[in-house]
Structures are given as C-alpha cells and as structure tokens.
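Beneath this line is the structure, given in structure tokens, with notes to follow.
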Amino acid sequence: MKLVRFLLGLLVPPLGVFLTVGVGPTLFINILLTVLGWLPGSIHAIWVIAKHEEQLNREGRIY
C-alpha cells in the first residue's frame, strides 16, 4: 500500500494525500498547489506521504 500511495502522490497528488491523511487542511493545501502546477503538488504529496510513514515507523505501527 505504501508504494501505491507514493505512485499516486506522484501521478495524482491529491489522491495520494487523501489516501494518506484523509480530508483536512493538508488535502486542501495539496489541491491548491496542484492547481498552481503539477510539480508543486507532487512534491508536497511525496513529502506528506513520507512524513506520515516516518511518523508511523516512529510510533512502531509499520504497515
């Protein structure tokens, strides 16, 4: 599932962020960045997904 989220974060940034954190301010920021340009949205999505995975690993919940 982690690989799928990273691929979606790269190809369809808002979908990758939605699958990672759900509906919230992070998703709306990503949608705005994606509207401004695909590259900023993708960079933000990969960063959000990586940070979320890092936090899960720190808490000991590896999926």
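Quick notes on this structure:
- Residues in region 26-63 that are over 17 Å from Val4 (Cβ atoms) and of a type in the set (Val, Ile, Thr): 6 in all.
- Selection status of Phe6, touching a helix residue (DSSP H, G or I) at 6+ places or on another chain (Cβ under 7 Å) and surrounded by 10 or more Cβ atoms within 10 Å (Cβ to Cβ): yes
Quick note: the coordinates plus some simple rules give every number you see, no bench work behind them. Small disclaimer: the values here were computed from a predicted structure and weren't measured. Heads up, the Cβs are rebuilt from the backbone with ideal geometry, glycines too, and the neighbour counts pull from every protein chain shown.
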